[in-house]
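One structure is given below, encoded as structure tokens.
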Amino acid sequence: MTADAGDRMKIVIGYALWATVCAAVAGAAVSLVHTWFFSYHAGRPGFWSTLLEDFATTLGIAAGQGAVALFAGSILARLGRGLHATVLLGLLVGVFDFVMNFLQMTVPRTELGWEPDLIILVGVVVVITVLGSRAVVRTPL
């Protein structure tokens, strides 16, 4: 029984890392588009400064989403639920991030501000994680 919980936690840790990578890649893609097409930068140094600032923000948000995925997944593991299709779950986190950020960049009226955006991102990671969990079937020994 302890090995089963340990295996579930290994999957949760892998999922959290994968969700972090997917969120970071999605954010990096949006950062590139934002820097090239939607931001003003005076010359090459301004371009790199804007891009690196966007990347730093993206990595911070992605790390936070990974922490939320780890926290939610560990609670589910303690409740006897295992995560399934974690590759797909991480990709869903990344796709949602990309769509939300791209929409807010191209349609500025949809920008809600930092706090609501972060609350939405946290909520979506929790919902995706919960929807990807299933009750673990225990087999008799």
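Taking the residues in segment 26-56 that are polar (S, T, N, Q) and touching a Ser or Thr at 6+ places or on another chain (Cβ under 8 Å) as candidates, determine which candidate is modelled with the highest pLDDT.
Ser31
Taking Phe96, is it within 13 Å of the chain's Cα centre (by Cα) and open to solvent by 40 Å² or more (accessible area, probe 1.4 Å)?
yes
In the set Gly46, Gly66, Gly80, which member is surrounded by 12 or more Cβ atoms within 10 Å (Cβ to Cβ) and under 23 Å from Cys22 (Cβ atoms)? Before the answer, list the steps.
On the way: Gly46 fails: under 23 Å from Cys22 (Cβ atoms); Gly80 fails: under 23 Å from Cys22 (Cβ atoms).
Exactly one of Gly46, Gly66, Gly80 is surrounded by 12 or more Cβ atoms within 10 Å (Cβ to Cβ) and under 23 Å from Cys22 (Cβ atoms), namely Gly66.
What residue, of Val130, Val33, Val125, is in contact (Cβ under 8 Å) with a residue 24 or more places away in the chain and either in a loop (DSSP other than H, G, I, E, B) or under 16 Å from Thr20 (Cα atoms) (or both)?
Val125
Can we say Arg109 is exposed (fewer than 13 other Cβ atoms within 10 Å of the Cβ) and touching a residue at least 24 places away in the same chain (Cβ under 8 Å)?
no
Could you please find all residues in segment 7-27 being open to solvent by 30 Å² or more (accessible area, probe 1.4 Å), of a type outside the set (Asp, Glu) and over 12 Å from the mean Cα position of the chain (by Cα)?
Across segment 7-27, the qualifying residues are Met9, Lys10, Ile11, Ile13, Gly14.
The values are calculated or read from the model by the stated rules, or taken from the named source; none is laboratory data. Since the structure is predicted, the reported quantities are computational estimates derived from the model, not experimental observations. Positions of Cβ are generated from backbone atoms using ideal geometry, with glycine treated the same way; all protein chains shown enter the neighbour counts. We work out accessible area using only protein heavy atoms, side chains counted, and drop any ligands, DNA or RNA first. Shrake-Rupley method; radii C 1.70, N 1.55, O 1.52, S 1.80 Å.
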